[in-house]
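Take a look at the structure set out below.
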Amino acid sequence: MRLIAITGAVALGIGLAGCASDDSGSGDGDGAAEDITVGVAMPTETSERWIADGEAVESQLEDAGYEVDLQFANDDIPRQQQQIDQMITNGADILIVASIDGTALATQLENAASKGIPVVAYDRLINGTENVDFYVTFDNYTVGVQQAQSLLRGLGYLDENNEETGLDEEKIIELFAGSPDDNNTGFFYQGAMDTLQPFLDDGRLTVPSGQIDMDTISTLRWDQATAQKRMEDLLTSTYNGGSDPLDGVLSPYDGISRGIITALENAGYGSTIEEGLPVLSGQDAEIASVKLIDDGVQYATIFKDTRKLASQAVDAATAFAEGEEPEANDTESYDNGVKVVPSFLLESDIVVADNIGELLVDSGYWSEEEIEAGVAE
Ligand code: BGC
């Protein structure tokens, strides 16, 4: 099964050796890249993180000498399927895919495998197919742990080293999860729930709506408006329209956090945490949310450096182009239902107001001007 992709990769390596001698002296960068086209399928341009991922993968591949066919699918599954079909028809030699629905690409990937095209799953695992050769991502379980830790810090139960402070007050929270068709959602949820469970068990935390299981709290397509609507419904059903206390909300993504914040502000909880806005977590360090954190509105986000992920994807593509296997650092965690996909996991960081400068500005991810404006340049 893997043989097909490996054969394809080896064939690429051999093809390349031929090209390199034909074009000797004219190539730049890594010779393995010459005459190789990489199809890059990204899910959507409605979220900055995926624009940043797309741009980082494209520019790093181009710097390494590859041709790049980058497509965004507007969170539309048939569109992503068509884009991948088209990449294959147009002669892509390697595919890098961040899926919308992790189970919807089996036909496309079968087609890729039959042509010997190696497939790298980018950030989100592709499920139910043997035809995914490598996976580059962050440690998604740990991201979920960090989301819960940041909520617990904002509520005062943990200090900045994630040690318990000894605070013994009872607090009230609600929970949100990501899109049910994204394989990462379960990892984020599990990491977060394992971390919150001791606090739920001993009653320091309660979830008055009783909505705790992942399906009930999920947010299709990670959509901001969907999250805002669910928060509004919760406030109506359980919080007397916003007059009852609510201390914190677990949110798995900055766009979802912004929807929740809008609902809370409209219901009169205040405009900053100091004024009484519940503590919120997030994910992706999107510029609009980094500004909200800087302004004391959102408590935290999780920073996943898309430049590092792009670089791992380019390394994986290069290994395949050279007829080799990319280097994995996890060969156990990511079972896609058909096989365990060898993976490279990166680390993420909790961002709060105090470390925005260190983590995001000093590393060149966002400038001070961008944070001030809340808009990417
Ligand atoms: C990614 C997150 C992102 C979410 C919504 C997930 O698959 O891992 O970083 O927040 O999708 O785009």
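The values are calculated or read from the model by the stated rules, or taken from the named source; none is laboratory data. Small disclaimer: the values here were computed from a predicted structure and weren't measured. Positions of Cβ are backbone-derived with ideal geometry, glycine not excepted, and every protein chain shown enters the neighbour counts. Note: accessible area is taken over every heavy atom of the protein model, side chains too, but ligands, DNA and RNA are not part of it. Shrake-Rupley method; radii C 1.70, N 1.55, O 1.52, S 1.80 Å.
Local charge sum around Glu174 (other residues, Cβ-Cβ under 13 Å, Lys/Arg +1, Asp/Glu -1)?
Around Glu174, the surrounding residues sum to -2.
Can you list the lysines whose alpha carbon sits under 21 Å from that of Lys304, skipping same-chain ones fewer than 8 residues off?
Within the straight-line limit of under 21 Å, Lys304 reaches these lysines: Lys291.
What number, rounded to the nearest 500 deg cm²/dmol, is the helix-based mean residue ellipticity at 222 nm of the chain, given -39500 (n - 2.57) per DSSP H run of at least four residues and division by all its residues?
Per the formula, -13000 deg cm²/dmol.
Counting heavy atoms of the protein chains only and a 1.4 Å probe, report the per residue accessible area for the chain as a whole number of Å².
40
Taking Cα centroids, how far is the stretch 255-311 from the stretch 101-149 in Å?
If you average the Cα positions of each part, the centres end up 27 Å apart.
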